[in-house]
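Q: Take a look at this one; I'll ask things after.
The values are calculated or read from the model by the stated rules, or taken from the named source; none is laboratory data. Remember, it's a predicted structure, so these values are computed and weren't measured experimentally. For neighbour counting, all protein chains shown are included, and Cβ atoms are generated from backbone atoms with ideal geometry for every residue, glycine included.
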Amino acid sequence: MAVSSDLDQFLNKIDDDYVACSICLERYTKPKILPCLHTFCERCLCGWVEKHGDLNCPACKTPCELQDGGVSELKDNFYMTSLVDLVIERRKLASGQDRVCELCEDKEVSHFCTECCQYLCVNCERMHGKIKATRSHKVRLISDLNEPEVERQSIAEHDVNCPTHPESKVQFYCDTCQVPVCIACTVVDHRVPEHAHRYLSVAADEYAVQLKDTVTKLKLKEDCIDTNMTAVKNSLFDQEKEKVNRKAEELVQSVRNEQQWLVNELHNGRDARIKETDILIEEFEFNHTSVNSARNYAETLLNHASPVQLLSTRPEVTRRTDELLKISDKWEEPVDGVEFDEAASDANLGRIKADACVKKCSIENFPKTVWKGDNTCLIVHTRDARGNDVIPRQKLNGTLNKPNGEVVHLKFSNNYNGTLSTIFRADVEGKNSITVTIDGQAVPGSPFAFSTRTGPVRTIGNWGNGKGEFNRPSGIVRDSRDNIAVADTDNNRVQIFNEALVFKDVLTFPKFKNPFKPRDVAISDDNTYFMTDSGNNQVVVSKQGGQLIRCFGQGELKDPRGIAIHPIDGNVYVCSHGSGAVEVYTQDGELLRTLGTPGRGQVVFKSPHSIASDSKGTLFVTNSVEVGHVYGFDTLGKLTMKSEKLEYPGCIAIHSDGCILVCNNSLFSWDSCLYKLNKQGKILSRIDAKEYVSMYYSGIVFTDDITSRVLITDRVYHCLRVYVV
């Protein structure tokens, strides 16, 4: 029986690319999978540990912490074991030697049972199909096994025996332990109710969907790293030198010495940056290799693995891919090493420093009151003895002295125009002061005293339908360019403001069947707007300029309220207030799942109102009609956090440091306040707006990722309120 050339190539590729250990270069013997998803023979790993003392992956150097049992305790790679067995078996079949039926041990084989792993003759195959216990088995013609496509399917159908009970086939998946098990395991080591089981095929189909999405993300991550690695390699430092030399040729002889000094400084900086670039390239290459390796392994599982093989390494694959997807793949090309002052006739090639006269220096724009937790800019104006602006040779020192005795050292940035500035944050209420010195001498007026406070800063807008006016505003969001979008619900529009809160644009959709009633807005990374429309029970997707892209959710959503885009998977999470659920969609509008249904560990929602996500992907939701809590949960609806008890938590925002800000609205008195919670849901503080009464907050957003300044929509006073918390 001669093997086809296509099958021969297929088997050779498996032999070379999949089942060869990169240490011994032979087929795997008892393959073990490491946390980084690389696989090696057990004996090879034992030899590696014996030689090196610890176990760092021989391929990528990722550390692997061994348990007390050593290498033998590492997880077996079911997939590679099965692949090796099948390759050996197919090689025997492809050798051309006649095989005898393994049942009657007489006649020549004509079929192969993929579940019994037995070769059968025509008569035994016919009997095999009549026996009740084996009639459902998948049986292949020997001639068909010469075709690569049939062989691939045969590999995926190959059953695996349980390592704990070798006489039993693996048929189930333990969700509790995340391992494939046999029927004997379900009544011994994985019995209910402590463990939950599912059929392998069901669990594998679900995980395959997740793994397919992971492969896509890994490919994007790999491409991004590759692009930036290429950009680093192609960066040309000589352009800086040419720029300096070209500028130097235009200058008079009086600045030749300054020219040479700047060129030398540029060379020194260039040498340092070349070293940094070499390190950066090495890091990009390492990350690219790791991501590529993980993607290839995941694709191999998708293309060739059976359900048990697919699920046997699920925890390791998930953990490793999560690690790799968090790798930074950004690179910004460095700016020019020299900046030119065209207006300064005596420093055309750069900036000339001089001694500052402390008595002539002063502090600009020093505030008398600072909002607690907010960032404040302090400017020092430096002059020489004649009162002229200078860039000082001396070092400026500054300290922030807090009421609790804590001292914070300030760092000044040179603005190269006769001023230096620093950003400070006063986070303790009471009397603070700042001391600024130059060469140990205090700048006139130093120390400068000021006080801090919290609460509302100002109010923007009022009732109406003009630009910057509102009618029962709801959700509010900030995009990547610091534009602010407000759902102006009863004006049937979304208003957009710039970072200074000046009106910029408006989104309206007058052609819908019912009036457009926006309740909340989410903005994707590419500045696409996703708006919940309770008037039409849908999500409206448009560009920033108002060009309608699509609508979705009409069949599932009832009175949609809060909306959020997950920072990791990019999916859209929508609070369906009327149906008591959170619906999960792709950005194209495909419904993926519904969260909030009882059972399987999901958090149960009553009337979900507001939803937000932190940078790690944990989702937080509030119920508008429930006295109680803020709930944190994962993308499958599993409860991960339950806050301390609140009154009536409404809209919610998450700061970049993980703290949670919740608007508390009384259903009876229309009085609102803010609660600040930590990551674990513990109440840190409560902030009341004593200046106002009868407010109702319905949307909240942080104005940036650093300060504690927030914007809140007030549905009673039809305005935006600026708070510092």
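Q: Would you check which residues across region 172-186 are in contact with a strand residue (DSSP E or B) (Cβ under 9 Å, 6 or more places away or on another chain) and either without any contact (Cβ under 8 Å) to a residue 60 or more places away in the chain or acidic (D, E) (or both) and list them?
A: Of everything in region 172-186, those that are in contact with a strand residue (DSSP E or B) (Cβ under 9 Å, 6 or more places away or on another chain) and either without any contact (Cβ under 8 Å) to a residue 60 or more places away in the chain or acidic (D, E) (or both) turn out to be F172, C174, D175, T176, V181, C182, I183, C185, T186.
Q: For N401, indicate whether it is under 39 Å from the mean Cα position of the chain (by Cα), surrounded by fewer than 20 Cβ atoms within 10 Å (Cβ to Cβ), under 30 Å from G430 (Cβ atoms) and modelled with pLDDT of 90 or more.
A: Yes.
Q: Taking K132, is it of a type in the set (K, R) and either at pLDDT below 65 or over 44 Å from the mean Cα position of the chain (by Cα) (or both)?
A: yes
Q: Could I ask something else about it? Looking at this structure, is S446 touching a Ser or Thr at 6+ places or on another chain (Cβ under 6 Å), assigned to a loop (DSSP other than H, G, I, E, B) and not acidic (D, E)?
A: Spelling it out, S446 is indeed touching a Ser or Thr at 6+ places or on another chain (Cβ under 6 Å), assigned to a loop (DSSP other than H, G, I, E, B) and not acidic (D, E).
Q: Looking at region 478-495, is at least one residue assigned by TED's automatic domain parsing to the domain that holds K359 and free of Cβ contacts under 8 Å to residues at least 60 places away in the same chain? Before the answer, list the steps.
A: So the first thing to find is which residues in region 478-495 are assigned by TED's automatic domain parsing to the domain that holds K359, and the list is none.
Taking every residue of region 478-495 in turn, none turns out to be assigned by TED's automatic domain parsing to the domain that holds K359 and free of Cβ contacts under 8 Å to residues at least 60 places away in the same chain.
Q: In this structure, is S576 in contact with a Leu (Cβ under 6 Å, 6 or more places away or on another chain), closer than 24 Å to D634 by Cα and free of Cβ contacts under 8 Å to residues at least 40 places away in the same chain?
A: So S576 fits the description; yes.
Q: Answer yes or no as to whether T437 is touching a Gly at 6+ places or on another chain (Cβ under 8 Å), surrounded by 15 or more Cβ atoms within 10 Å (Cβ to Cβ) and either farther than 30 Å from S685 by Cα or at pLDDT below 85 (or both).
A: In short, yes.
Q: Which of the following residues is among the aliphatic types (A, V, I, L, M) and within 30 Å of S685 (Cα to Cα): V428, V380, V443, V390?
A: V428
Matching residues to (1) assigned to a loop (DSSP other than H, G, I, E, B); (2) more than 20 Å from V574 (Cα to Cα); (3) hydrophobic (A, V, I, L, M, F, W, C):
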{"position": "G475", "(1), (2), (3)": "no, no, no"}
{"position": "S480", "(1), (2), (3)": "yes, yes, no"}
{"position": "V486", "(1), (2), (3)": "no, no, yes"}
{"position": "I496", "(1), (2), (3)": "no, yes, yes"}
{"position": "E499", "(1), (2), (3)": "yes, yes, no"}
{"position": "K511", "(1), (2), (3)": "yes, yes, no"}
{"position": "V521", "(1), (2), (3)": "no, no, yes"}
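Q: Are any residues in region 627-663 more than 18 Å from the chain's Cα centre (by Cα), within 19 Å of R561 (Cβ to Cβ) and not in a loop (DSSP other than H, G, I, E, B), and if so, which ones?
A: Y631, P649, G650, C651, I652, I660, L661, V662, C663
Q: Where residues in region 539-554 are in a loop (DSSP other than H, G, I, E, B), more than 14 Å from V521 (Cβ to Cβ) and more than 26 Å from the chain's Cα centre (by Cα), which of them is modelled with the highest pLDDT?
A: Here is the first cut: in region 539-554, the residues in a loop (DSSP other than H, G, I, E, B) are 543-547, 553-554.
Next, only the ones that are more than 14 Å from V521 (Cβ to Cβ) stay: 545, 547, 553-554.
Then keep just the ones that are more than 26 Å from the chain's Cα centre (by Cα); that gives 545, 547, 554.
Details: G545: 83, Q547: 90, Q554: 94.
Residue satisfying both the conditions and the ranking: Q554.
Q: Still on this structure: List the strands (runs of 3 or more DSSP E) that sit entirely inside region 381-443 and contain at least 3 residues that are assigned by TED's automatic domain parsing to the domain that holds I687.
A: Passing ranges: none, list empty.
Q: Being touching a Ser or Thr at 6+ places or on another chain (Cβ under 8 Å) and either touching a residue at least 60 places away in the same chain (Cβ under 8 Å) or outside any strand (DSSP E or B) (or both) is the filter here; which residues of region 555-567 pass it?
A: If the condition is that a residue be touching a Ser or Thr at 6+ places or on another chain (Cβ under 8 Å) and either touching a residue at least 60 places away in the same chain (Cβ under 8 Å) or outside any strand (DSSP E or B) (or both), then E556, L557, K558, D559, R561, G562, I563, H566, P567 are the ones that fit.
Q: Ok, one more. Pull up region 272-303, narrow it to residues that are without any contact (Cβ under 8 Å) to a residue 60 or more places away in the chain and among the polar types (S, T, N, Q), then point me to the one that is nearest to V215 (Cα to Cα).
A: The qualifying residue nearest to V215 (Cα to Cα) is N296.
Per-residue answers, yes or no, for (1) farther than 21 Å from A653 by Cα; (2) of a type in the set (V, I, T); (3) not assigned by TED's automatic domain parsing to the domain that holds L218:
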site	(1), (2), (3)
N498	no, no, yes
L501	no, no, yes
V506	yes, yes, yes
K511	yes, no, yes
P515	yes, no, yes
A522	no, no, yes
F552	yes, no, yes
P567	no, no, yes
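Q: Considering only residues that are acidic (D, E) and at pLDDT below 85, look in region 620-647 and name the one that is farthest from D322 (Cα to Cα).
A: Only one residue fits best here, namely E647.
Q: Looking only at region 1-26, count how many residues are within 10 Å of M80 (Cβ to Cβ) and at pLDDT 85 or above.
A: Here the count works out to 1.
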